[in-house]
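The structure appears right after this line, and notes come after that.
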Amino acid sequence: MARTKPVRHFPGSLPGSLPGSLPGSSPGSSPGSSRRPSLRNRLRRAALPLLLLVASPADAGPDEILLPVPTVTVYPGDTIKDSMLRMQAYPSSYRARQAVIDAPLAIAGRTARRMLLPGEPVPVNAVDDPRLVSRGALTQMIFEENGLVITAVGAPLQNGGLGETIRVRNADTNRIVLGTVLADGRIKIGAQ
């Protein structure tokens, strides 16, 4: 039995159709006219993103929720400022793939753990408190008790933000101790 080659049809053509015509179109109509959406539908699609951009809290109705979104691309490690956020209205039926932050005060002043895109809700796990202590960077440890103050140099074994308890290796004794990160970047050791 002889093998025959399959006949190739180009996209938009069917066997027996006229060259340049599309399926379902009459020979006198312009190519692509049956597939092109109407002008009204194209304008609706173009206007939707613009409406979302200019939505303000006063514009939100009872069937909408407002979520803070970045106005610019925020890169990992950047500190998020109030000026980088705006409120965007979403339908009340909107469900994000992940838990998202719903208050701008919960984002402002924090650092991005990953890239945040403009106009997209911010996932809870995408922001973190600013780092005051970096892993491996030598920092001052302080011990205070009954008026006695002892300072030493230590190397944090993990990153830490304000008020976090982290492990620190004393540079002189190589002993690992727990300490709390202070606002000035020092680590307080001992009774809290």
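Quick one: which of 148, 105 is surrounded by fewer than 12 Cβ atoms within 10 Å (Cβ to Cβ) and over 28 Å from residue 74 (Cα atoms)? Result of the check over 148, 105: 148.
Conditions (1) assigned by TED's automatic domain parsing to the domain that holds residue 69; (2) within 18 Å of residue 82 (Cα to Cα); (3) among the basic types (Lys, Arg); (4) modelled with pLDDT of 90 or more, marked per residue:
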| site | (1), (2), (3), (4) |
| --- | --- |
| 97 | yes, no, yes, no |
| 106 | yes, yes, no, no |
| 116 | yes, yes, no, yes |
| 119 | yes, yes, no, yes |
| 151 | no, no, no, yes |
| 155 | no, no, no, yes |
| 167 | no, no, yes, yes |
| 175 | no, no, yes, yes |
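Checking each residue in segment 168-178 for being closer than 12 Å to residue 139 by Cα and either of a type in the set (Lys, Arg) or part of a strand (DSSP E or B) (or both) picks out 168, 169, 170. Restricted to segment 121-133, and to residues there that are surrounded by fewer than 16 Cβ atoms within 10 Å (Cβ to Cβ) and not polar (S, T, N, Q), the residue that is modelled with the highest pLDDT is 124. So is residue 80 modelled with pLDDT of 90 or more, surrounded by 15 or more Cβ atoms within 10 Å (Cβ to Cβ), of a type in the set (Val, Ile, Thr) and not assigned by TED's automatic domain parsing to the domain that holds residue 182 or not? In short, yes.
The values are calculated or read from the model by the stated rules, or taken from the named source; none is laboratory data. The model shown is predicted, which means the values in this text are computed figures rather than measured ones. Please note: Cβ atoms are built from the backbone with ideal geometry, for glycine as well, and neighbour counts cover all protein chains shown.
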